[in-house]
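Some notes on the structure that comes next.
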Amino acid sequence: MKGCVVGNNCTIAQNVFIGSGVVLGNNVKVQNNVSVYTGVVCEDDVFLGPSMVFTNVINPRSAIDRKHAFKKTWVKKGATIGANATIVCGNTLGEYCMIGAGTVITKPVKPYALMVGNPARQIGWVSEYGHTLSFSKEGKAVCSESGEAYRLENETVSKITNSISTA
C-alpha cells in the first residue's frame with residue numbers, strides 16, 4: 001500500500017492489494033480478494049464487493065511493458081460494485097450507481113444507474129440507499145427507505161433537494 005492515499009474510516013479486508021497512486025476516499029469498503037491497481041480513484045462511501053476486478057491497461061501483453069499506458073478509472077461517491085464484477089479501465093462510474101455481481105463494465109456509467117450483465121446494460125435506477133426507483137410519468141420517484149425524491153430528465157437522474165427559506 002506504499003504510495004497510495006487511504007481516507008478515514010476505510011475497511012480493507014483480507015487478501016487486498018492497493019497499488020501505488022491509488023486514492024481511496026473516506027468510508028470506502030474493500031472486501032476480500034480485491035486488487036485496486038494504479039490509476040484507480042474511489043471517492044467517499046464506495047463499496048468494492050468481494051473478488052471484483054479492476055484493470056489498468058487496455059491491451060496488456062506479458063512481454064511488453066505498458067506501465068506508461070495505465071488508464072485512469074474513477075469511481076464516484078457512493079458507488080457500489082458487486083462481487084466478481086469487472087471494471088475495464090478508462091471508465092467513470094457515476095455517483096451512487098450500482099454494479100451487479102458478475103457485471104462487466106466496458107463503458108462509462110451514469111449516476112444512480114443500475115447495471116447488470118456481460119457486457120453491462122442498464123436495467124434501471126437506484127436511490128442513494130440502493131433501492132430501485134420507479135419513476136412516474138412526470139419523471140419523479142421516491143426512495144422506499146429514505147423518502148428522498150428523485151427526478152428523471154433527459155436520461156439523467158438527480159436528487160431533488162428541498163430548500164427552506166427562513167426569510
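Read-outs throughout are calculated quantities, based only on the coordinates presented, and are distinct from any laboratory measurement. In this text, all values refer to a predicted model and were calculated from it rather than measured experimentally. Cβ placement follows ideal geometry from the backbone for every residue including glycine, while neighbour counts extend to all protein chains displayed.
Residue-wise, which Karplus ³J(HN,Hα) couplings in Hz belong to region 98-113, taking 6.51 cos²θ - 1.76 cosθ + 1.60, θ = phi - 60°, and x for glycine or proline?
10, 9, x, 4, x, 6, 10, 8, 10, 9, x, 10, 6, x, 6, 6
Hey, which of these cross-link pairs are over 22 Å Cα-Cα: Lys2/Lys29; Lys72/Lys140; Lys77/Lys159; Lys110/Lys140; Lys2/Lys72; Lys2/Lys67?
With Cα atoms farther than 22 Å apart: Lys72/Lys140.
Give or take rounding to whole Å, what are the principal axis extents of the alpha carbon atoms in region 86-167, in descending order?
Principal extents (largest minus smallest coordinate, Cα): 50, 23, 23 Å.
In sequence order, what are the phi-derived ³J(HN,Hα) couplings for region 56-61 according to the Karplus relation 6.51 cos²θ - 1.76 cosθ + 1.60 with θ = phi - 60°, rounded to whole Hz, with x for glycine and proline?
Result, ordered by residue: 9, 9, 5, 10, x, 9 Hz.
For the chain, with a Gaussian network of springs between Cα atoms less than 10 Å apart, report the residue from Leu93, Leu48, Leu133 with the top mean-square fluctuation.
Its mean-square fluctuation being the largest, the pick is Leu133.
Can you pull the percent of Cα pairs in the chain with separation above 22 Å?
Tail fraction, whole percent: 45.
Would you mind telling me which residue in Ser127, Ser51, Ser144 has the biggest mean-square fluctuation in a Gaussian network model of the chain, where springs connect alpha carbons within a distance under 10 angstrom?
Ser144
Please give the charge dipole size of the chain, origin at the Cα centre, charges +1 on K and R Cβ atoms and -1 on D and E Cβ atoms. Round to the nearest 20 debye.
580
Could you tell me the distance between the Cα centroids of region 86-154 and region 28-75, to the nearest Å?
Distance between centres, Cα-based: 21 Å.
Say R0 is 25 Å: what FRET efficiency, to the nearest 0.05, do Asn59 and Met1 get from their beta-carbon distance?
0.35
Taking the beta-carbon count within 10 Å as an exposure proxy, list Thr156, Thr86 from fewest neighbours to most.
If I rank by nearby Cβ atoms, fewest first, I get Thr156, Thr86.
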